[in-house]
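Contents: one structure, followed by commentary.
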Amino acid sequence: MTAKPRVFVTRIIPEAGLDLVRRHCEAEIWTEQLPPPYDLLRQKVADCDGLVSLLTDRIDAALLDAAPRLKVVSNYAVGFNNVDVKAATERGVCVGNTPGVLTDATADMAFCLLIGAARRLVEGDRYSRSGQWKTWEPLGHLGQDLVGRTLGVIGMGRIGYALAKRCKGWDMTILYHDVYRSEKAEQDLGARQVDLDTLLRESDFVSVHTDLNEQTRGLFNEQRFKQMKRTAVFINSARGPIVDQKALAEALRSGTIFAAGLDVTDPEPPSPNDPLLQLPNVIVAPHIASATVGTRNAMAEICARNLLAGLSGEPLPAWVNPEVAPKRRR
Ligand code: DGY
(Lines give C-alpha, C1' and ligand atoms only; values in the text may rest on other atoms or scores of the structure.)
Protein backbone atom coordinates (compact mmCIF):
# COMPACT_ATOMS: atom_id res chain seq x y z
CA MET A 1 0.00 0.00 0.00
CA THR A 2 1.43 3.40 -1.00
CA ALA A 3 1.56 6.07 1.72
CA LYS A 4 -1.06 8.79 1.60
CA PRO A 5 0.16 12.27 0.60
CA ARG A 6 0.93 14.62 3.48
CA VAL A 7 -1.01 17.84 3.58
CA PHE A 8 -1.37 20.81 5.90
CA VAL A 9 -4.72 22.60 6.23
CA THR A 10 -4.37 26.07 7.76
CA ARG A 11 -7.84 26.20 9.39
CA ILE A 12 -10.93 24.10 9.95
CA ILE A 13 -13.00 24.38 6.77
CA PRO A 14 -16.48 22.82 6.35
CA GLU A 15 -16.72 19.03 6.61
CA ALA A 16 -17.89 18.87 2.95
CA GLY A 17 -14.23 19.44 2.03
CA LEU A 18 -12.39 18.35 5.13
CA ASP A 19 -13.85 14.86 4.99
CA LEU A 20 -12.53 14.37 1.44
CA VAL A 21 -9.11 15.64 2.50
CA ARG A 22 -8.96 13.33 5.52
CA ARG A 23 -10.04 10.31 3.50
CA HIS A 24 -7.36 10.69 0.86
CA CYS A 25 -4.49 12.32 2.73
CA GLU A 26 -2.50 12.23 5.90
CA ALA A 27 -3.74 15.62 6.99
CA GLU A 28 -2.62 17.94 9.74
CA ILE A 29 -5.29 20.53 10.43
CA TRP A 30 -4.59 23.80 12.24
CA THR A 31 -7.46 24.08 14.71
CA GLU A 32 -6.76 27.50 16.25
CA GLN A 33 -9.05 30.48 15.59
CA LEU A 34 -6.18 32.63 14.32
CA PRO A 35 -4.03 31.64 11.33
CA PRO A 36 -0.74 29.82 11.90
CA PRO A 37 2.11 32.35 12.17
CA TYR A 38 4.11 32.61 8.95
CA ASP A 39 7.30 31.04 10.37
CA LEU A 40 5.39 28.10 11.76
CA LEU A 41 3.59 27.60 8.46
CA ARG A 42 6.98 27.49 6.72
CA GLN A 43 8.02 24.70 9.07
CA LYS A 44 4.73 22.84 8.66
CA VAL A 45 4.92 22.71 4.85
CA ALA A 46 8.55 21.52 4.79
CA ASP A 47 7.56 17.87 4.26
CA CYS A 48 4.11 18.39 2.72
CA ASP A 49 2.84 17.39 -0.70
CA GLY A 50 -0.18 19.68 -0.51
CA LEU A 51 -1.38 22.79 1.30
CA VAL A 52 -4.88 24.14 1.90
CA SER A 53 -4.47 27.87 2.55
CA LEU A 54 -6.79 30.75 3.40
CA LEU A 55 -6.70 34.37 2.28
CA THR A 56 -5.05 35.18 5.61
CA ASP A 57 -1.98 33.00 4.83
CA ARG A 58 0.92 34.57 2.92
CA ILE A 59 2.21 32.01 0.44
CA ASP A 60 5.32 33.62 -0.99
CA ALA A 61 8.52 32.48 -2.69
CA ALA A 62 10.35 31.94 0.61
CA LEU A 63 7.58 29.70 1.92
CA LEU A 64 7.48 27.75 -1.34
CA ASP A 65 11.27 27.32 -1.17
CA ALA A 66 10.86 25.75 2.24
CA ALA A 67 8.53 23.11 0.74
CA PRO A 68 10.53 21.18 -1.88
CA ARG A 69 7.87 18.42 -2.20
CA LEU A 70 4.86 20.71 -2.47
CA LYS A 71 2.73 19.95 -5.54
CA VAL A 72 -0.33 22.05 -4.88
CA VAL A 73 -1.61 25.10 -2.99
CA SER A 74 -5.40 24.98 -2.80
CA ASN A 75 -6.64 28.38 -1.67
CA TYR A 76 -10.02 28.40 0.09
CA ALA A 77 -11.17 31.60 -1.67
CA VAL A 78 -11.80 32.88 -5.14
CA GLY A 79 -9.26 35.68 -4.60
CA PHE A 80 -5.62 34.57 -4.56
CA ASN A 81 -3.70 37.79 -3.93
CA ASN A 82 -2.22 36.08 -0.84
CA VAL A 83 -0.42 33.57 -3.10
CA ASP A 84 2.61 34.48 -5.22
CA VAL A 85 1.31 32.61 -8.26
CA LYS A 86 4.35 33.47 -10.40
CA ALA A 87 6.68 31.97 -7.77
CA ALA A 88 4.47 28.87 -7.53
CA THR A 89 4.47 28.40 -11.30
CA GLU A 90 8.26 28.81 -11.47
CA ARG A 91 8.61 26.03 -8.90
CA GLY A 92 6.13 23.68 -10.62
CA VAL A 93 3.45 24.10 -7.94
CA CYS A 94 -0.23 24.10 -8.97
CA VAL A 95 -2.54 26.75 -7.46
CA GLY A 96 -6.31 26.31 -7.13
CA ASN A 97 -9.12 28.66 -6.04
CA THR A 98 -12.92 28.52 -5.59
CA PRO A 99 -14.65 30.60 -8.30
CA GLY A 100 -18.32 30.48 -9.27
CA VAL A 101 -19.87 29.04 -6.13
CA LEU A 102 -19.65 32.28 -4.15
CA THR A 103 -20.91 34.62 -6.87
CA ASP A 104 -24.50 34.94 -5.61
CA ALA A 105 -23.64 35.13 -1.93
CA THR A 106 -21.10 37.88 -2.61
CA ALA A 107 -23.43 39.83 -4.90
CA ASP A 108 -26.17 39.54 -2.25
CA MET A 109 -23.82 41.03 0.33
CA ALA A 110 -22.80 43.87 -2.00
CA PHE A 111 -26.49 44.60 -2.60
CA CYS A 112 -27.21 44.37 1.11
CA LEU A 113 -24.42 46.90 1.84
CA LEU A 114 -25.69 49.11 -0.96
CA ILE A 115 -29.24 49.30 0.41
CA GLY A 116 -28.09 49.34 4.03
CA ALA A 117 -25.69 52.25 3.49
CA ALA A 118 -28.08 54.19 1.22
CA ARG A 119 -30.90 53.87 3.79
CA ARG A 120 -28.67 54.31 6.88
CA LEU A 121 -29.93 51.04 8.32
CA VAL A 122 -27.11 50.26 10.76
CA GLU A 123 -27.05 53.84 11.97
CA GLY A 124 -30.82 53.62 12.54
CA ASP A 125 -30.48 50.37 14.46
CA ARG A 126 -27.86 51.94 16.77
CA TYR A 127 -30.18 54.91 17.28
CA SER A 128 -33.12 52.68 18.25
CA ARG A 129 -31.05 50.74 20.76
CA SER A 130 -29.47 53.83 22.29
CA GLY A 131 -32.72 55.29 23.62
CA GLN A 132 -32.47 58.38 21.38
CA TRP A 133 -35.63 57.44 19.44
CA LYS A 134 -38.34 59.79 20.74
CA THR A 135 -40.79 60.14 17.84
CA TRP A 136 -41.28 59.80 14.07
CA GLU A 137 -39.12 62.46 12.44
CA PRO A 138 -40.05 64.07 9.11
CA LEU A 139 -36.47 65.22 8.52
CA GLY A 140 -34.60 62.49 10.38
CA HIS A 141 -32.55 59.60 8.95
CA LEU A 142 -32.95 60.66 5.31
CA GLY A 143 -31.15 58.38 2.89
CA GLN A 144 -30.88 57.89 -0.86
CA ASP A 145 -33.40 56.35 -3.29
CA LEU A 146 -32.44 53.33 -5.35
CA VAL A 147 -35.01 52.97 -8.10
CA GLY A 148 -33.96 54.46 -11.42
CA ARG A 149 -30.51 55.54 -10.20
CA THR A 150 -27.15 54.63 -11.77
CA LEU A 151 -24.88 51.81 -10.65
CA GLY A 152 -21.19 51.92 -11.59
CA VAL A 153 -19.47 48.52 -11.45
CA ILE A 154 -15.68 48.37 -11.25
CA GLY A 155 -14.80 44.96 -12.70
CA MET A 156 -17.64 43.33 -14.66
CA GLY A 157 -16.72 39.71 -13.87
CA ARG A 158 -19.09 37.13 -12.40
CA ILE A 159 -19.79 39.01 -9.17
CA GLY A 160 -20.01 42.45 -10.79
CA TYR A 161 -22.52 41.02 -13.27
CA ALA A 162 -24.56 39.37 -10.51
CA LEU A 163 -24.80 42.66 -8.59
CA ALA A 164 -25.71 44.55 -11.79
CA LYS A 165 -28.46 41.99 -12.46
CA ARG A 166 -29.92 42.58 -9.01
CA CYS A 167 -29.79 46.37 -9.51
CA LYS A 168 -31.42 46.04 -12.93
CA GLY A 169 -34.43 44.71 -10.99
CA TRP A 170 -34.49 48.16 -9.33
CA ASP A 171 -34.56 49.77 -12.80
CA MET A 172 -31.04 51.11 -12.46
CA THR A 173 -28.85 52.21 -15.35
CA ILE A 174 -25.68 50.12 -15.35
CA LEU A 175 -22.24 51.54 -16.17
CA TYR A 176 -19.08 49.50 -15.89
CA HIS A 177 -15.35 49.97 -16.05
CA ASP A 178 -13.19 46.99 -16.94
CA VAL A 179 -10.19 46.20 -19.15
CA TYR A 180 -12.39 43.60 -20.86
CA ARG A 181 -15.69 44.20 -22.59
CA SER A 182 -18.65 42.22 -21.19
CA GLU A 183 -20.99 41.56 -24.12
CA LYS A 184 -23.15 39.55 -21.73
CA ALA A 185 -23.68 42.53 -19.41
CA GLU A 186 -24.30 44.80 -22.37
CA GLN A 187 -26.82 42.45 -23.98
CA ASP A 188 -28.62 41.21 -20.85
CA LEU A 189 -28.60 44.38 -18.78
CA GLY A 190 -27.99 47.20 -21.26
CA ALA A 191 -24.75 47.94 -19.39
CA ARG A 192 -22.42 50.57 -20.90
CA GLN A 193 -18.61 50.33 -20.70
CA VAL A 194 -17.14 53.71 -19.78
CA ASP A 195 -13.84 55.15 -18.58
CA LEU A 196 -13.33 55.50 -14.86
CA ASP A 197 -13.81 59.29 -14.85
CA THR A 198 -17.23 58.99 -16.51
CA LEU A 199 -18.27 56.18 -14.19
CA LEU A 200 -17.37 58.13 -11.07
CA ARG A 201 -19.03 61.31 -12.33
CA GLU A 202 -22.32 59.66 -13.35
CA SER A 203 -22.87 56.89 -10.79
CA ASP A 204 -25.04 57.08 -7.68
CA PHE A 205 -23.61 53.77 -6.43
CA VAL A 206 -20.03 52.67 -7.12
CA SER A 207 -19.28 49.02 -6.36
CA VAL A 208 -15.83 47.42 -6.53
CA HIS A 209 -15.47 43.87 -7.88
CA THR A 210 -11.98 43.80 -9.31
CA ASP A 211 -8.96 41.72 -8.25
CA LEU A 212 -6.31 43.22 -6.04
CA ASN A 213 -3.21 43.59 -8.21
CA GLU A 214 -0.53 46.20 -8.83
CA GLN A 215 -2.89 48.18 -11.12
CA THR A 216 -5.78 48.26 -8.65
CA ARG A 217 -3.90 48.72 -5.34
CA GLY A 218 -4.88 52.14 -3.97
CA LEU A 219 -7.11 52.84 -6.99
CA PHE A 220 -9.69 54.62 -4.84
CA ASN A 221 -7.78 57.59 -3.48
CA GLU A 222 -8.64 61.15 -2.47
CA GLN A 223 -8.93 62.31 -6.06
CA ARG A 224 -11.29 59.44 -7.03
CA PHE A 225 -13.63 60.17 -4.14
CA LYS A 226 -13.68 63.85 -5.13
CA GLN A 227 -14.84 62.85 -8.61
CA MET A 228 -17.95 61.14 -7.20
CA LYS A 229 -21.32 62.74 -6.48
CA ARG A 230 -21.82 64.10 -2.98
CA THR A 231 -24.80 61.74 -2.76
CA ALA A 232 -22.76 58.71 -3.90
CA VAL A 233 -22.64 55.44 -1.98
CA PHE A 234 -19.38 53.48 -2.29
CA ILE A 235 -19.33 49.68 -1.88
CA ASN A 236 -16.30 47.40 -1.59
CA SER A 237 -16.71 43.65 -1.28
CA ALA A 238 -13.49 42.79 -3.19
CA ARG A 239 -10.25 43.54 -1.32
CA GLY A 240 -9.42 46.27 1.21
CA PRO A 241 -6.13 47.56 -0.30
CA ILE A 242 -7.94 48.61 -3.50
CA VAL A 243 -9.03 51.57 -1.39
CA ASP A 244 -6.92 54.18 0.38
CA GLN A 245 -8.78 53.81 3.64
CA LYS A 246 -7.65 57.16 5.10
CA ALA A 247 -8.90 58.93 1.97
CA LEU A 248 -12.22 57.09 2.23
CA ALA A 249 -12.63 58.05 5.89
CA GLU A 250 -11.93 61.68 5.05
CA ALA A 251 -14.38 61.61 2.10
CA LEU A 252 -17.09 60.23 4.42
CA ARG A 253 -16.28 62.65 7.23
CA SER A 254 -16.27 65.73 5.02
CA GLY A 255 -19.43 64.81 3.06
CA THR A 256 -17.49 64.39 -0.20
CA ILE A 257 -19.56 61.22 -0.60
CA PHE A 258 -22.73 60.20 1.23
CA ALA A 259 -21.96 56.75 2.64
CA ALA A 260 -20.02 53.53 2.21
CA GLY A 261 -20.61 49.82 2.73
CA LEU A 262 -17.51 47.69 3.17
CA ASP A 263 -17.05 43.96 3.54
CA VAL A 264 -13.28 44.31 3.36
CA THR A 265 -10.78 46.68 4.98
CA ASP A 266 -7.03 47.27 5.06
CA PRO A 267 -5.83 45.78 7.32
CA GLU A 268 -8.30 43.13 8.47
CA PRO A 269 -9.42 43.63 11.11
CA PRO A 270 -9.00 47.43 11.21
CA SER A 271 -7.65 48.89 14.42
CA PRO A 272 -10.47 49.90 16.82
CA ASN A 273 -9.02 53.44 16.56
CA ASP A 274 -9.27 53.53 12.77
CA PRO A 275 -11.02 56.82 11.82
CA LEU A 276 -13.39 54.81 9.63
CA LEU A 277 -14.87 53.02 12.62
CA GLN A 278 -15.69 56.33 14.31
CA LEU A 279 -18.02 57.42 11.46
CA PRO A 280 -21.79 56.88 11.36
CA ASN A 281 -22.10 56.78 7.56
CA VAL A 282 -20.15 53.60 6.92
CA ILE A 283 -21.09 49.96 7.42
CA VAL A 284 -18.11 47.69 8.06
CA ALA A 285 -18.81 43.96 7.79
CA PRO A 286 -16.07 41.48 8.83
CA HIS A 287 -15.35 40.00 5.35
CA ILE A 288 -18.45 37.79 5.33
CA ALA A 289 -19.72 38.07 1.75
CA SER A 290 -19.27 34.33 1.09
CA ALA A 291 -20.44 33.35 4.57
CA THR A 292 -23.56 31.28 3.92
CA VAL A 293 -23.73 27.62 4.87
CA GLY A 294 -24.29 26.46 1.28
CA THR A 295 -21.59 28.66 -0.22
CA ARG A 296 -18.90 27.79 2.31
CA ASN A 297 -19.71 24.06 1.87
CA ALA A 298 -19.42 24.40 -1.91
CA MET A 299 -16.12 26.30 -1.54
CA ALA A 300 -14.79 23.54 0.73
CA GLU A 301 -15.67 20.87 -1.79
CA ILE A 302 -13.97 22.64 -4.72
CA CYS A 303 -10.99 23.38 -2.52
CA ALA A 304 -10.64 19.69 -1.59
CA ARG A 305 -11.06 18.59 -5.20
CA ASN A 306 -8.37 21.06 -6.31
CA LEU A 307 -6.06 19.66 -3.64
CA LEU A 308 -6.65 16.03 -4.61
CA ALA A 309 -6.25 16.76 -8.34
CA GLY A 310 -3.04 18.64 -7.61
CA LEU A 311 -1.71 15.66 -5.66
CA SER A 312 -2.67 13.02 -8.23
CA GLY A 313 -1.41 14.88 -11.32
CA GLU A 314 -4.92 15.54 -12.71
CA PRO A 315 -6.05 18.97 -14.04
CA LEU A 316 -7.40 21.08 -11.16
CA PRO A 317 -11.16 21.78 -11.42
CA ALA A 318 -10.44 25.47 -10.70
CA TRP A 319 -6.88 26.04 -11.78
CA VAL A 320 -5.32 29.48 -11.31
CA ASN A 321 -2.05 28.61 -13.14
CA PRO A 322 -2.78 25.95 -15.80
CA GLU A 323 0.40 27.11 -17.57
CA VAL A 324 2.33 25.13 -14.93
CA ALA A 325 1.05 21.83 -16.43
CA PRO A 326 4.12 20.86 -18.50
CA LYS A 327 6.49 21.30 -15.56
CA ARG A 328 4.33 20.51 -12.55
CA ARG A 329 5.95 18.50 -9.77
CA ARG A 330 5.02 14.82 -9.83
C1 DGY B 1 -12.84 35.17 -1.59
O2 DGY B 1 -13.23 34.03 -1.82
O3 DGY B 1 -11.91 35.69 -2.21
C4 DGY B 1 -13.58 35.96 -0.56
O5 DGY B 1 -12.97 37.14 -0.26
C6 DGY B 1 -13.81 35.14 0.69
O7 DGY B 1 -14.67 34.12 0.39
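Largest GNM mean-square fluctuation among 174, 59, 29, using the chain with Cα springs under 10 Å: 29. Distant-in-sequence amide contacts of residue 78, defined by a placed amide H-H separation under 5 Å and a gap of 5 or more residues or a different chain, comprise 98. Spatial offset of region 252-319 relative to region 147-180 amounts to 20 Å, using the alpha carbon center of each. In the elastic network of the chain, a GNM with C-alpha springs shorter than 10 Å, the most mobile of 239, 58, 296 is 58. For the chain, the number of Lys pairs with C-alpha atoms closer than 20 Å, counting only pairs eight or more positions apart or on separate chains, is 10.
Between 225, 198, 315, the Cα set farthest toward the positive side of the dipole of the chain (charges on each charged residue's Cβ, about the Cα centre) is that of 315.
Each Lys and Arg Cβ is given +1 and each Asp and Glu Cβ -1; about its Cα centre, the chain then shows a dipole of about 240 debye.
Rounded to the nearest 10 degrees, what's the angle between the helix 293-312 long axis and the longest principal axis of the chain, both from Cα atoms, 0 to 90? Once rounded, the angle reads 30 degrees. The C-alpha atoms of the chain define a longest principal axis, and helix 15-24 lies at about 10 degrees to it.
Give the angle, between 0 and 90 degrees and rounded to the nearest 10, that separates the Cα long axis of helix 121-130 from the longest principal axis of the Cα atoms of the chain. Result, in degrees: 80. Ranked by the mean number of other Cβ atoms within 10 Å of their residues, highest first, the peptides 70-78, 122-130 come out as 70-78, 122-130.
The relative contact order of region 1-150 comes to 16 percent, based on Cα pairs under 8 Å that sit 6 or more residues apart. Rounded to the nearest 20 debye, the dipole size of region 103-284 about its Cα centre is 420 debye, using +1 on the Cβ of Lys and Arg and -1 on the Cβ of Asp and Glu. To put it simply, the accessible area of the chain at a 1.4 Å probe is 53 percent carbon and sulfur.
Find the percent of Cα-Cα distances in the chain that exceed 37 Å, and round it to a whole number. The share of Cα pairs beyond 37 Å in the chain comes to 24 percent.
Out of 308, 40, 146, any idea which swings most in a Gaussian network model of the chain, alpha carbons joined below 10 Å? Result for the chain, Cα springs under 10 Å: 40 fluctuates most. Rolling a 1.4 Å probe over the protein heavy atoms leaves residue 303 with an accessible area of roughly 0 Å².
Helix content alone sets the calculated 222 nm mean residue ellipticity of the chain: runs of n ≥ 4 DSSP H residues at -39500 (n - 2.57) each, divided across all residues, give -10000 deg cm²/dmol.
Counting heavy atoms of the protein chains only and a 1.4 Å probe, report the per residue accessible area for region 103-284 as a whole number of Å². Accessible surface, normalised per residue, equals 51 Å². The solvent-accessible area of residue 121, taken with every protein chain present and a 1.4 Å probe, is close to 120 Å². Share of antiparallel DSSP beta bridges in the chain, in percent to the nearest 5? About 5 percent, rounded to the nearest 5.
Take every Cα pair under 8 Å in the chain that's 6+ residues apart, average their separations, divide by the length, and report that relative contact order as a whole percent. With pairs under 8 Å counted, the relative contact order is 21 percent.
The values are calculated or read from the model by the stated rules, or taken from the named source; none is laboratory data. None of these values were measured; they are calculated from a predicted model. Cβ atoms come from the backbone with ideal geometry, glycine included; neighbour counts cover every protein chain shown. Just so you know, the surface numbers come from the protein's heavy atoms only, side chains and all, with ligands and any DNA or RNA stripped out. Shrake-Rupley method; radii C 1.70, N 1.55, O 1.52, S 1.80 Å.
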